[in-house]
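Peer 1: Below is the structure I would like to discuss, written out as structure tokens.
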Amino acid sequence: MLNNPLVLGIDLGTSGLRIAIINTKKKLLYTSSRSYPKSLEFCEDWINCLRNLIQKIPIDIKERLVSCSVAGTSGTLLACRTNGEPIGQALPYFLTSSLYSNEINKLFSKECAGSSTSGSVGRALKLINLYGTKILLRHQADWVSGWLLNNWEYGEEGNNIRMGWEISNSSWPKSFQNLNWINCLPKIIPSGQLMGNICSKKADELNLPRNIKVIAGTTDSNAGVLATFPKKNDGVTILGSTIVIKKFVDKPLLGKGISNHKILGNWLCGGASNAGAAILLDFFNLEYIDELSKQINPNKYSGINLIPLSKQGERFPIDDPNLQPKLEPRPVSDSLYLHAIFEGLAKIEARGWQKLQELGADLPRQIITIGGGAKNITWKKIREREIGIPIKICNRPPAAGVASIALQTLL
């Protein structure tokens, strides 16, 4: 075994990619990020960002890497040929598929992440209609893992829950058996399992050791949870482009827009809204947000009720592909408008925790928050006021969370 081995986490989010390198004690040694030049839909952006970031890792760190693991946005789906060559653009996780609602309903006998029109099945049906059944359907993390391996056979279980994969049964739903596109789906393996060694050609291209192992990763939101080291009574909110809430539970919870993952031997339940910090950048830049935040009294109400979605459609805490954004009235004061957006987002998060409680989860005693939005103290205080639960900020990047999965090869 290499002395002082290190592992690499690769986290693909909505707006860009981040890498993190940790040691066997999970200490963060290196991290770097890059925004997608175009957008989430372009898989060449995923690879170009990955190449750029890995090539800039200091050589003394890079040569000690022994394994890596990939996290990606849950539900972003790409059609490709059997050799991994992409066909068209990826369909992003926030693209709803109400056009296929009848077909989706016929495939599921109970509510789950896959039964929602915001799940991956509708996107799969759209891609099948576009390109036929002699293709592969791969979620973002699975396709990037396949690129590293030069083998697109596999899919990690958590990344395929929104396609209908049942973790409790380790199988696709029985209704999938007669699908004419069942062979488009991946062979599912659990998070933390060895997928194989990096392709030697890719290792040479990235100037990485040829014996690096690729370990099945997880979703970007689960990576965020792992980065916080939560206790059972903690809840975790990831404030990235979207709001994601997660909590460990005793047994899976059933409901549209609800996902149940098996992480570290425990059930992790949660949901993801289409609303999040991305809406802030539709109106203000980061520097102006910081300036305006200082002008807001978080203990007072704005008096303006907004639904701060960037576009039509919501998946959690309510599953409604037709829900319209409500971004008016816009007051003359920019600080008052930002105040109202913060409140609107906080109310969505509060309803999310209430939804999990209605389905059987205990409310968390504290909420650990990670992601770019976690740093805003004004927003934090408004969230505490709306939710009624203490909030703690974690500054570790989700990429460090998925890197911890890559440690499985050393255990």
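Peer 1: Residue separation times 0.36 nm, minus the C-alpha to C-alpha distance between Gln312 and Glu63: what's the value? Don't jump to the answer; show the numbers that get you there.
Peer 2: Details: separation 249, 0.36 × 249 = 89.64 nm, distance 4.67 nm.
So the extension gain works out to 85.0 nm.
Peer 1: Which of Pro331, Pro86, Pro308 moves most in a GNM of the chain, Cα contacts under 10 Å?
Peer 2: Comparing Pro331, Pro86, Pro308 in the GNM, the peak value goes to Pro331.
Peer 1: Based on other C-beta atoms within 10 Å, arrange Cys199, Cys68 from fewest to most.
Peer 2: Ordered by Cβ neighbours within 10 Å, fewest first: Cys199, Cys68.
Peer 1: Among Leu309, Gly88, Leu226, which residue has its Cα furthest toward the positive end of the charge dipole of the chain, with +1 on Lys/Arg Cβ and -1 on Asp/Glu Cβ?
Peer 2: Sorting the options by dipole projection puts first Leu226.
Peer 1: From the backbone phi of the stretch 340-346, what are the Karplus-calculated ³J(HN,Hα) couplings (6.51 cos²θ - 1.76 cosθ + 1.60, θ = phi - 60°) in whole Hz, Gly and Pro given as x?
Peer 2: Here the 3J(HN,Hα) series is 5, 5, 4, 5, x, 5, 5 Hz.
Peer 1: Moving on. Which FRET efficiency value, to the nearest 0.05, is calculated for Ser39 and Leu286 with the Förster distance at 22 angstrom and r the Cβ-Cβ distance? The partial results should precede the final answer.
Peer 2: Numbers: r = 19 Å, r/R0 = 0.86.
According to the calculation, E is roughly 0.70.
Peer 1: State the answer as a single residue: which of Met163, Leu28, Ile104 lies farthest towards the positive end of the charge dipole of the chain, with beta carbon charges of +1 for Lys and Arg and -1 for Asp and Glu, about the Cα centre.
Peer 2: Positive-end residue among those listed: Leu28.
Peer 1: To check you understand DSSP bridge types, tell me what percent of the beta bridges within the chain (both residues inside) are antiparallel, rounded to 5. Walk me through the intermediate numbers first.
Peer 2: Working: 42 of 64 bridges.
So the antiparallel bridges amount to about 65 percent of the total.
Peer 1: Could you let me know the centre-to-centre spacing of the stretch 292-317 and the stretch 133-152, using Cα atoms, in angstrom?
Peer 2: 38
Peer 1: Let me ask something additional. Please compute the length gained on full extension between Asn4 and Arg81, using 0.36 nm multiplied by the number of residues separating them and subtracting their Cα-Cα distance.
Peer 2: 23.8 nm
Peer 1: Could you tell me which label, among (1) 1.07; (2) 0.95; (3) 1.00, carries the value of Cα Rg over 2.2 N^0.38 Å calculated for this structure?
Peer 2: Of the labelled values, this structure produces (2).
Peer 1: In nm, to one decimal, how far is the modelled label at Asn169 from the one at Asn395, with both set 7 Å along Cα→Cβ?
Peer 2: Here the modelled spin labels are 4.7 nm apart.
Peer 1: Be a star and scan the stretch 310-330 for residues whose amide nitrogen sits under 16 Å from the point 7 Å along the Cα-to-Cβ vector of Asn105.
Peer 2: Answer for the stretch 310-330: 319-322.
Peer 1: Another one. What nm value, rounded to one decimal, do you get for the distance between Leu29 and Lys56 when each label is placed 7 Å out toward the C-beta?
Peer 2: 1.9
Peer 1: Quick one: Karplus J couplings for the stretch 298-312, per residue in order, coefficients 6.51, -1.76, 1.60, θ = phi - 60°, nearest Hz, x for Gly and Pro?
Peer 2: x, 7, 10, 8, 6, x, 10, 9, 10, 10, x, 8, 6, 8, 4
Peer 1: Along Cα→Cβ, 7 Å out, is where each label goes; now give me the distance between the ones at Lys134 and Arg351 in nm to one decimal.
Peer 2: 4.7
Peer 1: Moving on. With Cβ to Cβ distances under 11 Å as the rule, what net charge do the other residues near Lys38 carry (K, R +1; D, E -1)?
Peer 2: Details: positive: none; negative: Glu41, Glu44, Asp45.
Residues near Lys38 contribute -3 overall.
Peer 1: Once the dipole of the chain is set up with Lys and Arg at +1 and Asp and Glu at -1 on Cβ about the Cα centre, which of Val121, Ala400, Tyr154 lies farthest towards its positive end?
Peer 2: Ala400
Peer 1: How do Asp220, Asp319 rank when sorted from fewest to most other Cβ atoms within 10 Å of their own Cβ?
Peer 2: Starting with the residue having the fewest Cβ neighbours, the order is Asp319, Asp220.
Read-outs: derived from the displayed coordinates by stated rules, not from any lab. On a predicted model such as this, the values are computed, not experimentally measured, just so you know. Cβ coordinates were reconstructed from backbone atoms using ideal geometry, including for glycine residues, and neighbour counts include every protein chain displayed.
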